[in-house]
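Read the structure below first, then the notes.
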Amino acid sequence: MAFDLPELPYSYDALAPYMSAETLEFHHDKHHMAYVNNGNKLLEGSGLEGKSLEEVVVGSYGKNAGLFNNAGQHYNHIHFWNWMAKNGGGKKMPGNLEKAITSDLGGFDKMRADFMNAGATQFGSGWCWLAVKDGKIEVMKTPNGESPLVHGAKPILGCDVWEHSYYIDYRNARPKYLEAFVDNMVNWEYVAKMYEEATS
Ligand code: MN3
C-alpha cells in the first residue's frame, strides 16, 4: 500500500525547549515527506506493492537498497513522532514496562546510560533502540534507515541520531540531545503499548 505522511500527534511547539518547532517543521515536513515521496516511487514495480509497511521494510532489506532506505525511514519516523510527548521522559512509566526494564536491563538508570551510550557511539547517521528479542528487552543501535525489525527484533523505542534531528537545537552535542530525549521527551505510554504488542 502507498505510503502517507502522518500528521504529528502534537503541535510543532509542543516539545520546546527540548526540540524546537523549527526542528520538527524541517524533520517532519521535509525529511519524512521525502522518504514518503521517494518510497512511493521506488515501491512501484518492486514486487512489494500491496504489502504492509513492515513487510516492505523486511522484504527490501539487502535486496533493494533504495526502497529499503526510504521505507525503513518511513517506518522509523511514524513511530519516532509517537515516541515523544509533551512533558514526557524521566522515570515515571507504566508498571509492566518498568518491571521489564528492571529485570531485562538492570533498572532505569542502567537502561538510560546504555541507551544514551548506544546513541552517542553510533558512528554517523542512525538510531539507538530498545527492542524486544526472544521475549527480552535489549539496547541496540543501527546505521542509517535500519531498525531492529531486520535483525529479528521488535522495536519499542527509538531515537533518531541523524544530525537533522538535533543540529538546529544542539549543534554537534548529540549526547545533550540524547539526555533531553530520555529525561524530557519519551512517551513511555507508547513504549509500553509497543512492549505489550511485542510480547503478546
Ligand atoms: Mn530523521
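The values are calculated or read from the model by the stated rules, or taken from the named source; none is laboratory data. All figures in this text were calculated on a predicted structure; none of them were measured in a lab. Because the Cβ atoms are built from the backbone with ideal geometry, glycine has one as well, and the counts that use them run over all protein chains shown. In case anyone asks, the SASA skips ligands and DNA or RNA and just uses the protein heavy atoms, side chains included. Shrake-Rupley method; radii C 1.70, N 1.55, O 1.52, S 1.80 Å.
Values for this structure:
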{"item": "Elements of type strands (runs of 3 or more DSSP E) contained in the stretch 111-197, each with 1 or more residues being of a type in the set (Asp, Glu)", "result": "136-143, 154-160"}
{"item": "Residues within the stretch 43-64 that are open to solvent by less than 70 Å² (accessible area, probe 1.4 Å) and either hydrophobic (A, V, I, L, M, F, W, C) or within 14 Å of the ligand (Cβ to nearest atom) (or both), tallied", "result": "5"}
{"item": "Leading residue by the ranking (surrounded by the fewest Cβ atoms within 10 Å (Cβ to Cβ)) among those in the stretch 151-194 that are more than 14 Å from the chain's Cα centre (by Cα) and over 27 Å from Ala16 (Cβ atoms)", "result": "Gly152"}
{"item": "Hey, Met1 in contact with a Gly (Cβ under 7 Å, 6 or more places away or on another chain) and either part of a helix (DSSP H, G or I) or farther than 19 Å from Val182 by Cα (or both) or not", "result": "yes"}
{"item": "Residue within the stretch 57-70 that is hydrophobic (A, V, I, L, M, F, W, C) and either at pLDDT below 95 or not in a helix (DSSP H, G or I) (or both) present", "result": "no"}
